[in-house]
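The block underneath contains the structure these notes are about, expressed in structure tokens.
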Amino acid sequence: MSTCWFCEIRPADASASIEVEMSTNVKKIAIPGTKYYKKTYQSDKVLVPRCTKCKMIFKKKDIIAWTGALISLLFGAGVAMAIAFLRKGSIGRIGWLDVIIGIIFFIIGSSIAIYRGIKVPGSNEIKNTITDDFPKVKKMKEQGWKIGIPT
Ligand SMILES: [Zn+2]
């Protein structure tokens, strides 16, 4: 097995690796007798090697970022309602100023969550953060392949 692409230190684990779906040669073909088209394309999957520890670090970052964003959203909404209540005596009478203050609290909270995610133990070992720069993915992109499957 190859070395983990993300830390470039530990051996990759098959269960922790990331599958990147790629496509090229997208064509729109008219379906005879109808006004509809169907898309045809060539697809391939690139396996980006990852170790179990990096998988765990990624997961922790995600959990911190998402729960942080959710808490910030609820907190921001709470702040907006509280200000509306203080200003107008009713939480139902939220004005644009209350909303803006709520959004500011949401942005501050989310930023803290993202920062905390960056500081997850082991994060400093991660050298590559995205699969897009993986050599095989990069090479295929240069040859006209795109990440993902056309919808
Ligand atoms: Zn790793």
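Values in this text are rule-based calculations from the coordinates and carry no lab data. Everything numeric in this text was worked out from a predicted model, so none of it was measured. For neighbour counting, all protein chains shown are included, and Cβ atoms are generated from backbone atoms with ideal geometry for every residue, glycine included.
Quick notes on this structure:
- For segment 60-124, size of Cβ-based charge dipole, Lys and Arg +1, Asp and Glu -1, in debye: 80 debye
- Of Gly68, Gly92, Gly78, the one that fluctuates the most in a GNM where the chain has Cα springs shorter than 10 Å: Gly92
- Potential lengthening of the chain between Ala30 and Gln42 amounts to 2.6 nm, from the contour at 0.36 nm per residue minus the alpha-carbon distance.
- Across the chain, the volume of the C-alpha convex hull divided among the residues equals 179 Å³ per residue.
- Cβ-Cβ distance of Leu97 and Thr67, R₀ of 30 Å, FRET efficiency by 1/(1 + (r/R0)^6): the value works out to about 0.60.
- Counted by neighbouring Cβ atoms within 10 Å, the residues Arg50, Arg93, Arg10 run from fewest to most as Arg93, Arg10, Arg50.
- With a Förster radius of 35 Å applied to the beta-carbon distance between Ala82 and Met56, the computed FRET efficiency rounds to 0.40.
- With each label modelled as a point 7 angstrom along the Cα→C-beta vector, the Thr151-Lys119 pair spans 3.6 nm.
- Measuring max minus min along each principal axis, the C-alpha atoms of segment 60-124 give extents of 48, 14, 13 Å (largest first).
- Where only DSSP H runs of four or more residues are counted, the chain gives -16000 deg cm²/dmol as its mean residue ellipticity at 222 nm, each run worth -39500 (n - 2.57).
- Selection among Ala84, Ala14, Gly148 by position relative to the dipole of the chain gives Gly148 as farthest towards the positive end (Cβ unit charges, Cα centre).
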